[in-house]
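**Q** There's a structure below that I have some questions on.
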Amino acid sequence: MTNFWNERYSVKDYIYGTKPNQFFKEQIDKLKPGKLLLIGEGEGRNAVYAAKLGWQVDSIDSSSVAKEKALNLAKQNTVRINYETADIHTHNFPPNTYDAIGIIFLHINENQIESEILYKKLNDSLKIQGKIILELFSKNQLGKNSGGPQDLSMLCSIELIRKYFPKLKHEILNEETINLAEGNFHQGEASVIRYVGVK
């Protein structure tokens, strides 16, 4: 899978654009800057936006090509981000560390036990009063060509969010139909799960 993402990111253009995800932007704009974790961050659009707001950003992704593009984007915007290439499933996230965690269009298989373990580790990494900001493709995205995997087990649902974050207060938890305009690969009508949870 790492080779897949390295190949996809290897083009010159930023394939999902350089502007932040709209839902992430709306939610991070409301918060006082602190320490932020972004997983599956790709080419750095959300990390750079948050850094410009004053957040201390830790990013993690499996793609070394994405990392290089993200660091270049940060340099262009005269901000600094920490970016690590690693497998998010085996990575040890420090407990009680982050004021916010962003999970934007991450694709993981709900049938793998590693997925549940990952979300538990992310829960543990949040500080008290910390927030999860999440936007994932919903199961109703199946058949749409606006982005995301065409595999039901890789898509999300409200029920899965409740399962993965049972101890958080659900501030926002909606399935919505939106119009995506993020680079070349996220274009058109899409079905998404939008979530903000508070520890």
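The values are calculated or read from the model by the stated rules, or taken from the named source; none is laboratory data. Since the structure is predicted, the reported quantities are computational estimates derived from the model, not experimental observations. Counting neighbours? That spans all protein chains shown, and the Cβs are built from the backbone with ideal geometry, glycine included. Side chains are part of the model used for accessible areas, which takes the heavy atoms of the whole protein and leaves out ligands, DNA and RNA. Shrake-Rupley method; radii C 1.70, N 1.55, O 1.52, S 1.80 Å.
**Q** Volume per residue, Å³, of the convex hull around the alpha-carbon atoms of segment 100-199?
**A** For segment 100-199, the hull spanned by Cα atoms encloses 90 Å³ per residue.
**Q** Then there's this: Could you sort the peptides 170-182, 125-137 by per-residue average Cβ neighbour count (10 Å cutoff), highest mean leading?
**A** Those peptides, ordered most packed to least, come out 125-137, 170-182.
**Q** Classify segment 111-156 as rounded, prolate or oblate, taking a ≥ b ≥ c as the square roots of the eigenvalues of its Cα gyration tensor: rounded when a/c is under 1.5, otherwise prolate if a/b is larger than b/c and oblate if not.
**A** Taking the square roots of the gyration eigenvalues as a ≥ b ≥ c, segment 111-156 is oblate.
**Q** Another question, then. Send over a whole-number figure in Å² for the accessible area per residue of segment 15-143, probe 1.4 Å.
**A** 43 Å²
**Q** Now, a different point. Roughly speaking, what is the centre-to-centre gap between segment 132-189 and segment 15-78 when only Cα atoms are used, to the nearest Å?
**A** If we compute the Cα centre of each part, the gap is 19 Å.
**Q** In addition: Which order do the peptides 51-59, 152-160 come out in when sorted by mean C-beta neighbours inside 10 angstrom, highest first?
**A** 51-59, 152-160
**Q** About its Cα centre, what dipole magnitude does the chain give when the only charges are +1 on Lys and Arg Cβ and -1 on Asp and Glu Cβ, stated in debye to the nearest 20?
**A** The calculated dipole for the chain is roughly 660 debye.
**Q** Would you please put 72-81, 14-23 in order of how densely packed they are, using the mean number of other Cβ atoms within 10 angstrom per residue and starting with the highest?
**A** In descending order of packing, they fall as 14-23, 72-81.
**Q** Regarding segment 21-65, what is the average projected area of its C-alpha convex hull, in nm²?
**A** If you wrap the Cα atoms of segment 21-65 in a convex hull and average its projections, you get 3.0 nm².
**Q** For a test of the definition: using alpha carbon positions, the gyration tensor, and the 1.5 limit on a/c, classify segment 35-90 as rounded, prolate or oblate.
**A** Note, shape of segment 35-90 comes out oblate.
**Q** Moving on to the next point. Rounded to whole Å and sorted largest first, list the principal axis extents of the Cα atoms in segment 1-116.
**A** 36, 35, 22
**Q** Of all the accessible heavy-atom surface of the chain, with the other protein chains kept in place and a 1.4 Å probe, what percent is carbon and sulfur?
**A** Answer for the chain is 48 percent, counting heavy atoms of protein chains only.
**Q** For segment 157-198, what are the per-bin percents of Cα-Cα distances with bins 10 Å wide, up to the bin holding the maximum?
**A** So the P(r) values, bin by bin, are 28, 41, 26, 5.
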